[in-house]
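Please read the structure below before turning to the comments.
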Amino acid sequence: MTSTTLPVNVLAEGLDTVRRAPPGVLVVFGASGDLTHRKLLPALERLSRRRLLPAAFAVVGVARTEMSDDSFRDLMIGAIPDAGPGWAEIVKNSSYIAGEYSHPDTFTALQARLKEIEEALGTGPNRTFYLATIPEVFAGVAEALGKVGLNQPEPGGSARLVIEKPFGRDRQTAHELDAALHEVFEEDQIYRIDHYLGKETVQNVLALRFANAIFEPLWSRNYIDHVQITVAETIGVEKRGSFYETAGALRDIVQNHVMQVLSLTLMEPPGSIDAQGIRDEKVKALRSVVVPKLADVPNVAVRAQYDSGWIEGNAVPGYRQEDGVSATSQTETYVALKLSVDNWRWAGVPIYIRTGKRLPKRLTEVALQFKAVPHLAFPKEAATGLNPNALVMRIQPDEGVTLRFGAKVPGQAFMVRDVLMDFSYGAAFLEEPPDAYERLLLDAMVGDPTLFIRSDEVDTAWGVVQPLLDAWGSGDAPLSGYASGSWGPRPAETLIERDGRQWRTP
Ligand code: BG6
């Protein structure tokens, strides 16, 4: 069996060492940009270092910036200061095409280049087209690929389109983009990236739930009081102010990363752990999330923007003082949201979500907070340090799982308090996990769509946040402020406290 005919079901197979990309070409649109430099090239280099790329492999960079093949090769070399020995070979095979994304010449040149490379290296027509451009040109590039026939896999080959976020600005534009892509590519050729799905610990939600008999029976309204999902960042908008002004935290994090983590947390066990099994269940779970009514948005969602403050001992400016940001900006950098789920498993279990920039700690976690014991058999004073059980999946940093439970405090008196049972990835496994882009790039080249988002998932996820977009887009929706380095605005506390609950303090 050759590497190209190996079964591609990564999650079931689980053996990274036997999953190698077939010979082929990776075409990166937006090759002179930041994402290519910061994420894609380093991910490729790590794949090559792990010997997961074949010898017959090349990158073709495409972008508007004028650049020679040699300058592009220099850029590839410069992106990886401590590259392994295989990188030089890939760099040597790689080349660049400067051109407008809307101009047919760019694509006829690309077509000719692919033929040349495929003949010279014997790669076979395995083509992965990666859209790392600004989103405005996604549909145009797909259309132009179609015009020169590069959308059609040649016999014995493949043609796949990998597409970055943001996938649309709202439900309608996502729909339009999807329709434009489907004019040219079949759904099974389209790989919509959400880099959170490439994170080991996000995938571990599946392992924890479906590889263990002890957790799943507890994973429902019978035992769980509520769920909290936190995506906290210490960074501000950095150099992306003008982009962020058009996005905001709801579009940037909630619609994609949070919805993905949420669907993995809520989904039913799939019949099989493969692309269809998992994605069918994920979308089913998302469809059970109750879409907030427009009039309810003020009761279930809070948005806020960071003011100046202190992060890790350094004074930092407020959002409106950042480069590229309007001095009167109404863009939210923080969202808190309460959702509910209408299905057998989750009825009556609220899901609290919060995400923000410039919070005190970088941390992504899913916490299942269990119900309190029905009856406390010892005096209240003996249990002042006791909280209901919680199972916390720590997605980053310090990846792992924590179970909080009560234990007796040593001594003559009968006192109980919380203790933590802790699993840490770093301590349990010696091998370094692949970075998210490394994982997803390989999956796309191998042709495994499990960790990519299907058309119906994107649509359903937009559907959940659409009422918030509508309510907040109206211009008069309240926008709170919060000091950088704090855990968010007061109304977010109220959102959860009025249900008699509290945000976790990580
Ligand atoms: C990106 C957002 O999708 O995710 C960024 O556009 C955010 O604003 C980033 O900082 C967070 O990713 P990670 O992997 O650092 O949690």
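The values are calculated or read from the model by the stated rules, or taken from the named source; none is laboratory data. Small disclaimer: the values here were computed from a predicted structure and weren't measured. Note: ideal-geometry Cβ built from the backbone for every residue, glycine included; neighbour counts use all protein chains shown. SASA here: full protein model, heavy atoms, side chains in, ligands and nucleic acids out. Shrake-Rupley method; radii C 1.70, N 1.55, O 1.52, S 1.80 Å.
So, of the residues in region 153-173 that are more than 16 Å from the ligand (Cβ to nearest atom) and at pLDDT 95 or above, which turns out to be surrounded by the fewest Cβ atoms within 10 Å (Cβ to Cβ)?
Among those residues, the one meeting the criterion is 172.
Pairs only if they're at least six apart or on different chains, beta carbon under 7 angstrom, first in region 313-330 and touching a residue at least 40 places away in the same chain (Cβ under 8 Å), second outside any helix (DSSP H, G or I) and basic (Lys, Arg); list them, first residue then second.
316/358; 323/239
Do you know which residues across region 471-486 are surrounded by 20 or more Cβ atoms within 10 Å (Cβ to Cβ) and farther than 16 Å from residue 250 by Cα?
482, 484, 485
Looking only at region 332-358, which residues are surrounded by fewer than 22 Cβ atoms within 10 Å (Cβ to Cβ), assigned to a strand (DSSP E or B) and of a type in the set (Lys, Arg)?
338
Return the pair list, or none, for Cβ contacts closer than 7 Å from residues in region 395-411 that are among the polar types (S, T, N, Q) to residues that are surrounded by 15 or more Cβ atoms within 10 Å (Cβ to Cβ) and assigned to a strand (DSSP E or B), at least 6 apart or on different chains.
Listed by first residue and then by second, the contacts come to 396/364; 402/392; 402/394.
Would you mind stating whether residue 210 is out of contact with any Gly (no Cβ under 7 Å at 6 or more places or on another chain) and over 24 Å from residue 267 (Cβ atoms)?
It is false that residue 210 is out of contact with any Gly (no Cβ under 7 Å at 6 or more places or on another chain) and over 24 Å from residue 267 (Cβ atoms).
For residue 353, only one of the following conditions fails: (1) away from the ligand (no atom under 16 Å from the Cβ); (2) in contact (Cβ under 8 Å) with a residue 40 or more places away in the chain. What is its number?
So residue 353 meets the others, but not (1).
Of 425, 437, which residue is within 16 Å of the ligand (Cβ to nearest atom) and more than 28 Å from residue 284 (Cα to Cα)? It would help to see each step written out before you state the result.
On the way: 437 fails: more than 28 Å from residue 284 (Cα to Cα).
None of the others qualify; the one that does is 425.
Kindly list the number of the only condition in (1) within 12 Å of the ligand (Cβ to nearest atom); (2) over 18 Å from residue 403 (Cβ atoms); (3) open to solvent by less than 10 Å² (accessible area, probe 1.4 Å) that fails for residue 191.
(1)
Please specify each residue of region 130-150 satisfying the condition of being under 18 Å from residue 33 (Cα atoms), open to solvent by less than 10 Å² (accessible area, probe 1.4 Å) and either among the small types (Gly, Ala, Ser) or assigned to a helix (DSSP H, G or I) (or both).
138, 141
For region 364-386, which positions are at pLDDT 95 or above and either within 16 Å of the ligand (Cβ to nearest atom) or not hydrophobic (A, V, I, L, M, F, W, C) (or both)? I'd like the intermediate steps shown before the answer.
Of region 364-386, the ones at pLDDT 95 or above are 364-371.
Passing the criteria: 364, 365, 366, 369, 371.
Can you name the residue in region 313-331 that is in contact with a Ser or Thr (Cβ under 7 Å, 6 or more places away or on another chain) and assigned to a loop (DSSP other than H, G, I, E, B) and is also least open to solvent (accessible area, probe 1.4 Å) among such residues?
318
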